[in-house]
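Inspection log for the structure reproduced underneath, given as structure tokens.
The values are calculated or read from the model by the stated rules, or taken from the named source; none is laboratory data. None of these values were measured; they are calculated from a predicted model. Note that each Cβ is placed from the backbone with ideal geometry, even for glycine, and that neighbours are counted across all protein chains shown. Please note that ligands, DNA and RNA were not included when accessible areas were found on the heavy atoms of the full protein model with its side chains. Shrake-Rupley method; radii C 1.70, N 1.55, O 1.52, S 1.80 Å.
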Amino acid sequence: MGILIVYYSWQGHTETVARELAGRIDGELEKIEPVSESGMFGKVMRAGLGMKAAIRPARTDLTDVDHLVIASPVWAQKVPPYITEYIAEVSNAAGKPFSVIVEMKGSGAENAIAIVRRKLEEKGMQYVSSAYTLEDDVEAGRIGEKIAEFAATIHRAAAAAPMP
Ligand SMILES: Cc1cc2nc3c(=O)[nH]c(=O)nc-3n(C[C@H](O)[C@H](O)[C@H](O)COP(=O)(O)O)c2cc1C
């Protein structure tokens, strides 16, 4: 089972979440690297408007991937423009399952998850599960249980999948 965990993290919280998840589901990690980080105003504006922004070459061909996980911070109740760009570049994704986990200070997780879900469903992918973590819990090392629950939803989907 090839699980690909794709994440973007500006300040490290989402990276902590992605690494914790990778340890539990034996997933491969892929970090989205922006070509350039914009300033704070640009970040809020681009995320808020649902814009894209250039990223360095990343693993976007999902031919050999059995389950895609997107891990993203919440920005302006939405997702960073680098996540939007990554999703736009995803190919050979039709029919494949995906899950979404977002990391935030306190509000907007539901909306951010809905955005990622809709965009991946437009690519013909199949939604499996979602979760969110809070910045304070990441910093206090309190995300283990939540990540374990999320990992279990991915394991269950894998167990239910037809054999190749
Ligand atoms: C541009 C920007 C916009 C943000 N907007 C929100 C928001 O709408 N809701 C929220 O709860 N947190 C928001 N945050 C806080 C981040 O989601 C939170 O700090 C998260 O842990 C950052 O993840 P990272 O450390 O992986 O970059 C925002 C942070 C930035 C930089």
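What the table below lists for this structure:
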quantity	calculated
Answer residue from region 17-39, given it is of a type in the set (Val, Ile, Thr) and under 21 Å from residue 155 (Cβ atoms) and is nearest to the ligand (Cβ to nearest atom) among those	17
Strands (runs of 3 or more DSSP E) (entirely within region 51-136) containing at least 1 residues that are more than 16 Å from the ligand (Cβ to nearest atom), of a type outside the set (Val, Ile, Thr) and surrounded by fewer than 16 Cβ atoms within 10 Å (Cβ to Cβ)	126-134
Selection within region 1-44 - assigned to a strand (DSSP E or B) and open to solvent by 50 Å² or more (accessible area, probe 1.4 Å)	28, 29, 31
Subset tally (residues that are more than 13 Å from the chain's Cα centre (by Cα) and within 11 Å of the ligand (Cβ to nearest atom)) for region 1-16	3
